[in-house]
Amino acid sequence: MPNDRKEWAQRLPEFLVEAETLLAKSEECLSHLQLISNDKDAIECMMSTLLKLASKADALALVAVSEFSLHIHGLLNHAQQHMDLHAQALGALKDCFTLMAWQLELIDQTTGQLCLDDSEQTSLIEAFAFQVGQSQFHPPAHAKPLRLISFP
């Protein structure tokens, strides 16, 4: 996290622009996968952009965005190694991206808080996990449970 609130407030708009760009790139990869099933390059690109987004969100202490990205990345990684991404899985992934875009718009520019219930994140992650063959979703070992963003 940046050293003080002023530095954080200066970096947030830049983060939001970059986050929207990364999310758009992930959505382009998703569209590509809807046309060309299981294209390894598109999956790798999507996974890379999700990791970048998680890292940049983490640097600003935007925990919910960072962890949501990491959860999706973990499930994509599992799916890539164990199964084909079918239409229902891609639909569930699209729902995750839609929620993430909406959440980015709702981050309070002053406080950095996203005062939302995390149940929709959890529900979408579970739906995507089910579609990629993980009926019992287990988050990546390095990830924390999904929760609200808070800025001390």
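What follows draws every value from the coordinates through simple rules; no lab data is involved. All values reported here derive from a predicted model rather than from experimental measurement. Positions of Cβ are generated from backbone atoms using ideal geometry, with glycine treated the same way; all protein chains shown enter the neighbour counts.
Taking the chain as a Gaussian network, where each spring joins two C-alpha atoms under 10 Å apart, which residue of His71, His32, His82 fluctuates the most?
His82
As a check on your grasp of the helix formula, calculate [θ] at 222 nm for the chain: sum -39500 (n - 2.57) over DSSP H runs of n ≥ 4, divide by the residue count, round to the nearest 500.
Roughly -23500 deg cm²/dmol at 222 nm, from the helical runs in the chain.
Between Gln34 and Arg5, what length comes free when the chain is fully extended (0.36 nm per residue of separation minus the Cα-Cα distance, one decimal in nm)?
6.3 nm
Can you give me the span-like helices of the chain, meaning DSSP H runs with 27 Å or more of Cα extent along the axis and Kyte-Doolittle mean at or above -1.0?
Going by DSSP H runs, the hits are 5-35, 40-59, 63-82, 87-106.
Looking only at Cα atoms, what is the convex hull volume of the stretch 69-138 per residue, in Å³?
79
Can you figure out the FRET efficiency of Glu126 with Gln81, using R₀ = 22 Å and their beta-carbon distance, to the nearest 0.05?
So, using R0 = 22 Å, E works out to roughly 0.65.
Pulled fully out, how much extra length does the chain show between Ala61 and Lys94, if you take 0.36 nm times their separation in residues and subtract their Cα-Cα distance?
9.4 nm
What do you get for trypsin sites (Lys or Arg not before Pro) in the stretch 49-109 restricted to DSSP loop and a cutoff of at most 13 other Cβ within 10 Å of the site's Cβ?
Sites meeting the loop and neighbour criteria: none at all.
On each of the three principal axes of the Cα atoms of the stretch 5-131, give max minus min coordinate, whole Å, ordered largest first.
Each principal axis gives a Cα extent; for the stretch 5-131 these are 46, 28, 19 Å.
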